[in-house]
Amino acid sequence: MVVIIAATRGSRAEFLEHPLGRSLTRMTFDPTLQFAVIENNQAGLPAAFNRFLVEEMRPHALVFMHDDVWIDDLFFSDRIRAALDTFDIAGLAGNRRLLPGAPAWHVKNNALEWDSEFLSGIVCHGAQPFGAASVYGPTPAPVQLLDGVLIAARASALLDAGVRFDRRFDFHHYDMDFSRQANAAGLKVGTWPIAVTHASGGAFGTPAWSRSLALYREKWSAAAANSAAPETA
């Protein structure tokens, strides 16, 4: 079974009026597709998503999504299964290289210059379905970093590798952190072509984003320092 997991600040009824809820209502014909919505969510997305990384979900493919995404592809569950036949973790867009200090998956420095040569994937944007396509680069492709608008994985792969979403992040940078954890655990991470439209353009430069970036850099700077430190008897 492919299980879509989303968190929303409102009620289930309100969720069903959001892009993702309306998309799932359109796709009730697919018996292999289910969804779980965390209503009235006040926690960060990592805390909400981790609730489903439990043994009971082991047989399933999990798709962690934002609630402001239109699913344009009626064969969504087929695409997810195909992606997870190739990769342990799959998304829509990402970067084929890791620049440790980069503030976002698609840029290479604090000036927010795009890392265009190394990007992969396509995501449409717009308030309505079938929005204008943002083409980042060739897909499918193995990547080091994924955008968090959609992250798919077999529950068994994450459970066996001990990979979880880090609860210190709220809404920003959890996707970059999760990607780096997955790569460090030896999981195969990649992009896959799936037609969706994202109704949001991000929140770069906001105070919440800047605080999250500081946490992200602090965590991975410490990890790099620890891995470089000589072993002691």
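Bear in mind that the values in this text are calculations on the coordinates, not laboratory data. Note that this is a predicted model, so its numbers are computed, not measured. Glycine gets a Cβ as well: all are built from the backbone with ideal geometry, and neighbour counts include every protein chain shown.
Please give me the summed charge of the neighbours of ASP160: other residues whose Cβ is under 14 Å from its Cβ, Lys and Arg +1, Asp and Glu -1. Summing Lys/Arg as +1 and Asp/Glu as -1 gives +2. Within the shell of other residues whose beta carbon sits under 13 angstrom from the beta carbon of HIS173, the net charge comes to 0, with Lys and Arg scored +1 and Asp and Glu -1. Among TRP220, TRP114, TRP70, sorting on how many other beta-carbon atoms sit within 10 Å of each Cβ, with the fewest leading, yields TRP114, TRP220, TRP70.
Multiplying the residue separation of THR25 and LYS188 by 0.36 nm and subtracting their alpha-carbon distance yields 55.5 nm.
Which number do you get for Rg(Cα) / (2.2 N^0.38 Å) in the chain? Spell out each step's value before the answer.
Values: Rg = 17.2 Å, N = 233, 2.2 N^0.38 = 17.5 Å.
Here the Cα radius of gyration is 0.98 times the empirical estimate.
A Förster radius of 25 Å combined with the Cβ-Cβ distance from ALA214 to GLU117 puts the calculated FRET efficiency at roughly 0.35. Taking label points 7 Å from Cα along the Cα-to-Cβ direction, ALA13 and ALA43 give a separation of 2.6 nm.
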